[in-house]
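The values are calculated or read from the model by the stated rules, or taken from the named source; none is laboratory data. Only a predicted model underlies this, so the values are computations on that prediction, with no experimental measurement involved. We place every Cβ from the backbone using ideal geometry, glycine too, and count neighbours over all the protein chains shown. We work out accessible area using only protein heavy atoms, side chains counted, and drop any ligands, DNA or RNA first. Shrake-Rupley method; radii C 1.70, N 1.55, O 1.52, S 1.80 Å.
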Amino acid sequence: MTTPLTLASGRRPDGMAVLKAVGEIDMSNTDAFAAALDAIPDRVVVDLTAVEYLDSAGLSVLFAQAHRLELIAGPLLDPVLTFSGLADLTVVHGPEAPPSAGS
């Protein structure tokens, strides 16, 4: 059984936009994921620490917007982001070290 995707946007104290994803990002919900990213016009930190599954459709959304993303990911997604090459296109932080402004 899949875990539904929940998305919440906000801003850090330094003003940087944040999109937190919880659940699974797959072909069934990438339209909602892409729309949430599109609704944020500037650079955005995408917090994936609570994402349990990320398929190729979800990766495609991230690849399309990699130029303006910073990602926070836990050990579950680290290999996916590295092997897919996404980690070479954008900054990926671990959950223990939040991204700094402008990095």
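Of all residues in the range 73-96, which are aliphatic (A, V, I, L, M), open to solvent by 20 Å² or more (accessible area, probe 1.4 Å) and closer than 18 Å to VAL44 by Cβ? Those that are aliphatic (A, V, I, L, M), open to solvent by 20 Å² or more (accessible area, probe 1.4 Å) and closer than 18 Å to VAL44 by Cβ: ALA87, LEU89, VAL91, VAL92.
Evaluate the following for THR49: is it open to solvent by 20 Å² or more (accessible area, probe 1.4 Å) and free of Cβ contacts under 8 Å to residues at least 24 places away in the same chain? Here the answer is no, as THR49 does not meet what is asked. Do we find that ASP42 is among the acidic types (Asp, Glu), in contact with a helix residue (DSSP H, G or I) (Cβ under 9 Å, 6 or more places away or on another chain) and without any contact (Cβ under 8 Å) to a residue 24 or more places away in the chain in this structure? In short, no. Residues of the range 1-14 that are surrounded by 17 or more Cβ atoms within 10 Å (Cβ to Cβ) and under 11 Å from TYR53 (Cα atoms): LEU5 alone. Looking only at the range 15-41, count how many residues are touching a Gly at 6+ places or on another chain (Cβ under 9 Å) and open to solvent by 50 Å² or more (accessible area, probe 1.4 Å). Here the count works out to 2.
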